Every structure is written in C-alpha cells, then in structure tokens.
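The values are calculated or read from the model by the stated rules, or taken from the named source; none is laboratory data. As the structure is a prediction and not an experimental result, all values here were calculated from the model. Cβ: placed from backbone, ideal geometry, glycine included. Neighbour counts: every protein chain shown.
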Amino acid sequence: MLGKLMKYELKSTARTLIPLYIALLAFAIINKIFIGAGLADKLEGFGSIPFILSIFAYGCTMAAVFIVTFFVIIQRFYKNLLGDEGYLMNTLPVSTITNITSKLSIATFWNIVSGFVAILSIIIMAFNPGAFNYFFRELFRVLSEGCAQFGFQLYVVIIEIIIAILIGLVRSLTMIYASISIGHLFSKHRILSAFGAFIVLNLITAAISSAVGMAFSFSNFNIVFDNIESFYNIHMFLLFAILFDLVFFIAYFIITNYILKNKLNLE
C-alpha cells in the first residue's frame with residue numbers, strides 16, 4: 001500500500017514540479033546559446049533586451065524551483081492529511097505511519113531532484129569542453145592520490161558525508177511536518193501557530209545542539225581540521241552529526257504520528 005500511496009503522491013506533485021524543472025533547463029539552454037554564440041557580448045542597446053530578459057527569467061525560475069518545491073511539500077501534507085482530503089486519507093486501510101512515510105519519501109525525492117536540476121542548469125550554462133575535461137581530470141587525480149594515501153577510508157568518509165546530508169534533509173522535513181501538526185492542535189490561527197511551533201522547534205534543536213557541543217568541547221572537533229590525516233576523528237565527527245539528526249528525526253516523526261493518530265481534528 002505504501003508503494004501505491006507514493007505513486008499517487010508522485011503523480012500529484014509532478015504535475016506542478018516537472019514543468020518548472022523543464023522551464024529552468026530551457027532557460028539555461030537559451031542563455032547558453034546567447035553566451036556560446038557570443039551574442040551576449042555583441043548585443044547593445046535594445047538588442048540586449050532578449051538576453052537580459054532570458055537571464056532574469058532564469059534567475060526567477062531558479063528561485064521558483066526551490067520555493068515552489070517547498071510550498072508543494074507543505075501544501076500536500078497539510079491539505080492531504082489535515083485538510084478536507086484528510087477525511088478520505090484517514091478512511092484508507094493504512095496506518096498513520098504509512099501516510100507520513102509516503103509524504104516524507106516523495107518530499108525527500110523532490111528536494112534531491114530540485115538540487116540536481118539546479119546544478120544541471122548551471123552546468124549547461126557554464127559548459128566548456130576544455131574546462132570540464134580539466135576539472136574531471138583533476139578530480140580523478142585527487143581521488144586517486146587520496147585513495148593511494150588514505151586507502152578505502154576516503155570513500156567511507158564520502159559515503160558518510162552523503163548519509164549525513166540525507167539524514168539532515170529528512171530531519172528538516174519531519175520538523176516541518178511536526179510544526180504543522182502542532183499548529184493544527186489549535187482551533188484558530190493554525191498557520192500562525194504552525195509557524196510559531198517551527199520557530200520553537202528550531203530554537204530547541206539549536207539549544208540542544210549547542211549544549212551537546214559544549215559537553216564534548218569544541219576543541220575536540222578542532223582536531224578534525226588540525227589533523228586531517230586522523231580519519232578516526234573525521235568518522236567520529238560525521239557519525240555524531242548523523243546520530244544527532246537521526247535522534248531529532250525520530251522525535252519529530254513520533255510527534256507527527258502521535259498528533260495525526262490521536263489528536264486529529266478535521267473540523
């Protein structure tokens with residue numbers, strides 16, 4: 001059932017986001033044509049207006065990709081589980097955890113896709129065969145030298161960094177869900193209450209993070225940067241970051257699940 005919910009969620013969100021991603025890549029290609037053909041340097045006066053408008057449209061679309069993705073994520077969770085559609089969703093033979101997981105999975109997917117599309121658009125505009133060949137040649141050289149010096153641990157660190165980023169993303173999304181759920185407990189001004197809950201949760205997270213950091217002493221983490229060859233310290237730093245975000249992710253998920261399961265009020 002989770003797969004069916006994710007498929008439905010993916011289709012519903014794709015109608016809004018896919019055209020936006022296509023538009024961003026289209027403007028990147030148009031700008032590349034202007035830049036690659038040297039038209040950007042030759043255009044003067046009114047003749048430069050098309051290029052200026054194209055650059056402006058690209059910038060606006062780039063901002064829209066992240067803003068719209070963010071609001072679609074919020075809108076889908078709120079409307080589908082806490083709004084009018086909640087009556088239907090809560091009659092389905094699935095658990096609250098399954099409903100939340102389907103939203104969270106697709107939200108994470110679109111955040112990752114948004115990042116890749118944005119990077120791809122920049123690559124299209126900045127593409128230069130010579131520069132890119134040099135970049136990848138140097139990248140492979142650095143990785144080869146790093147692997148020769150540090151061995152398999154280098155790739156372990158890279159994997160840990162990727163995991164830390166993903167866990168951090170999921171933790172941020174569940175904090176948003178928890179904030180919306182807490183705001184829904186109020187009979188009036190639910191959106192304002194959700195915003196207030198988001199600020200409070202952020203402050204709590206920051207306070208605990210600072211307290212834990214002081215407990216372990218920041219000087220211990222300086223070893224990571226002072227002695228980069230000590231992979232043990234790097235592993236500990238990254239594992240600490242992963243564990244920290246994982247604990248908060250679980251806490252926010254539990255809060256969201258509890259409210260939706262036991263305190264849901266669709267009136």
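What the table below lists for this structure:
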| read-out | value |
| --- | --- |
| Residues within the range 129-144 that are surrounded by 11 or more Cβ atoms within 10 Å (Cβ to Cβ) and of a type outside the set (A, V, I, L, M, F, W, C), tallied | 1 |
| Those residues of the range 168-189 which are within 17 Å of residue 263 (Cα to Cα) and crowded, with 17+ Cβ neighbours inside 10 Å, in sequence order | 177, 178, 179, 180, 181, 182, 183, 184 |
| Residues of the range 145-159 satisfying the condition of being loosely packed, with under 13 Cβ neighbours inside 10 Å and at pLDDT 75 or above | 158, 159 |
| Residue pairs meeting the criteria (Cβ under 8 Å; at least 6 apart or on separate chains; first polar (S, T, N, Q), in the range 238-267; second crowded, with 16+ Cβ neighbours inside 10 Å) | 256/100; 256/174; 256/177; 256/178; 256/181; 257/96; 257/100; 265/184 |
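Residues checked against (1) modelled with pLDDT under 90; (2) touching a strand residue (DSSP E or B) at 6+ places or on another chain (Cβ under 7 Å); (3) part of a helix (DSSP H, G or I); (4) surrounded by 13 or more Cβ atoms within 10 Å (Cβ to Cβ):
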{"site": "4", "(1), (2), (3), (4)": "yes, no, yes, no"}
{"site": "12", "(1), (2), (3), (4)": "yes, no, yes, yes"}
{"site": "20", "(1), (2), (3), (4)": "no, no, yes, yes"}
{"site": "26", "(1), (2), (3), (4)": "no, no, yes, yes"}
{"site": "31", "(1), (2), (3), (4)": "yes, no, yes, yes"}
{"site": "41", "(1), (2), (3), (4)": "yes, no, yes, no"}
